[in-house]
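Written out below as structure tokens is the structure these notes cover.
The values are calculated or read from the model by the stated rules, or taken from the named source; none is laboratory data. Since the structure is predicted, the reported quantities are computational estimates derived from the model, not experimental observations. Backbone-built Cβ (ideal geometry, glycine too); neighbour counts: all protein chains shown.
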């Protein structure tokens, strides 16, 4: 029994190392540029283990994307926004999304890579679809509570709002290099980041507030 548990722990540890190494490589080089040999070396594993646990390179890419999306969806649920007043809950979600993008730049690069392939690798992940439905339902609940409290205007689409919350942070960070040239400012100083977050919060809350 102990030997079986030890083998299970070793297998789980190996899979975790492979997934972490693959996430770093896919985020750095995309699906086309990442090499299984390099992932195996960085995971202290071998190609046979990768193929055994995950299948081919595209299957490994799917596993990485699923892990990345489920991580952010899980972290959002852990905010326990249902326990906060609706306006505070919405501000907390906006702040969280911005901070998550800053703290996990690999997530943005993986999303870019997924979209480069027209999202075909996400289609096979029912887990990601279900987690996204739960996330949209969470936003809808905040909106409904805000309307009931007289704070938010009615008929705001939760899916559209999700896109806007993500976009106003995502665009700033993915286009910061060209933006710094075009608008002659440093996008990544603490002051600039704080100003952007404040602008994001104000933008969303102005969109939601009952006039």
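Looking only at helices (runs of 4 or more DSSP H) that fall completely inside region 128-211, which ones have 2 or more residues that are at pLDDT 95 or above and either touching a helix residue (DSSP H, G or I) at 6+ places or on another chain (Cβ under 9 Å) or outside the structural domain of residue 68 (by TED's automatic domain parsing) (or both)?
Counting at least 2 such residues, we get 158-174, 190-208.
If we scan region 191-200, do we find a residue that is buried (at least 16 other Cβ atoms within 10 Å of the Cβ) and free of Cβ contacts under 8 Å to residues at least 40 places away in the same chain?
no
When the residues of region 50-70 are narrowed to those that are more than 19 Å from the chain's Cα centre (by Cα) and in contact (Cβ under 8 Å) with a residue 40 or more places away in the chain, which ends up farthest from residue 139 (Cα to Cα)?
The residue in question is 53.
Condition first: in contact (Cβ under 8 Å) with a residue 24 or more places away in the chain, over 16 Å from the mean Cα position of the chain (by Cα) and either assigned to a helix (DSSP H, G or I) or outside the structural domain of residue 196 (by TED's automatic domain parsing) (or both). Now tell me which residues in region 71-102 satisfy that.
Listed by number, the residues that qualify are 81, 82, 86, 87, 89, 90, 91.
Give 22, 13, 43 a once-over and let me know the one that is more than 26 Å from residue 199 (Cβ to Cβ), buried (at least 18 other Cβ atoms within 10 Å of the Cβ) and free of Cβ contacts under 8 Å to residues at least 40 places away in the same chain.
None of the others qualify; the one that does is 43.
Kindly evaluate residue 103 against the criterion of being farther than 21 Å from residue 203 by Cβ, loosely packed, with under 14 Cβ neighbours inside 10 Å and at pLDDT below 95.
no
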